[in-house]
1. Once you have the Cα-Cα distance between ALA128 and ALA216, take 0.36 nm times their residue separation minus that, and quote the gain in nm to one decimal.
2. What is the dipole size for segment 220-346, taken about its Cα centre, with +1 at each Lys and Arg Cβ and -1 at each Asp and Glu Cβ, in debye to the nearest 20?
3. With springs only between Cα atoms under 10 Å, which of LEU199, LEU11, LEU173 fluctuates most in a Gaussian network model of the chain?
4. Label SER330 and ALA248 with points 7 Å out from Cα along Cα→Cβ: what is the distance between them in nm?
5. Ignoring everything except DSSP H segments at least 4 long, calculate the 222 nm mean residue ellipticity for the chain; use -39,500 (n - 2.57) per segment, divide by total residues, nearest 500.
6. Give the carbon-plus-sulfur fraction of the accessible surface of the chain in %, rounded to a whole number; probe 1.4 Å, heavy atoms of protein chains only.
7. If you line up the long axis of helix 3-31 against the longest principal axis of the chain, both from Cα atoms, how many degrees apart are they, to the nearest 10?
8. How far is the Cα center of segment 265-282 from the Cα center of segment 188-237, in Å?
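The values are calculated or read from the model by the stated rules, or taken from the named source; none is laboratory data. Predicted, not measured: the structure shown is a model, and the values here were computed from it. Cβ atoms come from the backbone with ideal geometry, glycine included; neighbour counts cover every protein chain shown. Just the protein is used for accessible areas: all its heavy atoms, side chains included, with ligands, DNA and RNA removed. Shrake-Rupley method; radii C 1.70, N 1.55, O 1.52, S 1.80 Å.
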Amino acid sequence: MSLETLWLALLGLLLAGYFVLGGYDYGVQMLSPFLGGPDAAPAPAEAPGTGERNAALDAIAPFFLGNEVWLVAFAGAMFGAFPHLEGSLLSGLYPLIVAILVGLVLGNAAVQLRGRSRSPRALRRWNALVVLGGALPAVGWGIVVGLLLHGVPRRADGSFHIGFGEVFAPFSLTCGAATALLFAGHGAAFIALRSEPELAATARRVGATLIAAAGAASALALVLSLFGAGASMTRTATSAVLFLLVAAALAAGWWYLTRGRDALAFTATCAATALPVLLIGAGQYPYLLTAASGAGITVDDAVADGATLKLLIGFGVVVFPLILAYQAWSWWAFRGRTGLRHPSYF
């Protein structure tokens, strides 16, 4: 395997890991006012008049913020190994990237500060920001996926430009809605896996509905693609197989949620959130960024020189295993359902 292929695979793995782990964070945030409710267990040394605990947010508390390490690692790998992709991609997607970052900041701050609210009105405001902080990244990343699958306009100087028409095109908006619904269903599956039985039962019902809606939105995206208004793939056979795998993962997630098989349901939704990254990479190979008129930036165009890739090997050999080790430790340390093995946090 060449260094270019190795780094492309690592880049995809980091982004897929972020979608899986950050995806349930955003999903839980979007669902928290509707599924969370006040936690039965009071916080240690909780001051009178402070905001209510939220059982849904408590499910993600031990992993909150830590999951976004995957996004930081992805950005570092892209900056180092594919500098020409970074320059073209971020300049074209600047408004969407800003919206995603605003959502991350708002959501992180609101989740941390909502517990200090001293009035129901203030608590409602923080809850609204928690939802917005989950919805903005979910919809934003979905639109980014839609743009990358469809292809974006390329100027005469070779730069990529994304305007109002591309962001609000039917296919982009459909992908944004599908991703938001998928992340919300993924979050519901996580709540079902982590919460006490009564909340878990409610999360299963809500999650099954959301997964079915995500499947319907994905089917609409496929219809748009078949009529030439959607994805433009260079490897149609590979793309068809990957889309079938996404559909199978969604169907499995719905099936297991309706049957109360929480671990299997969460595994299925993990697969469904990761596969779109593979669809972009494998379905459009050797292109990393395609133009709406055809062609685009290939792996060879975007990758750094061989000496730089060899120098960066230390990043992959050291940093990536550390991320995996941290993630495995945190899951082991906080295994079990919230309130049974560890206390509330938010």
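1. 29.0 nm
2. 640
3. Between LEU199, LEU11, LEU173, it is LEU199 that shows the largest mean-square fluctuation.
4. Taking the two extended label points, one gets 3.1 nm.
5. Helix contribution divided over all residues of the chain: -23000 deg cm²/dmol.
6. 70
7. Approximately 30 degrees, to the nearest ten.
8. Using only Cα atoms to place each centre, the spacing works out to 11 Å.
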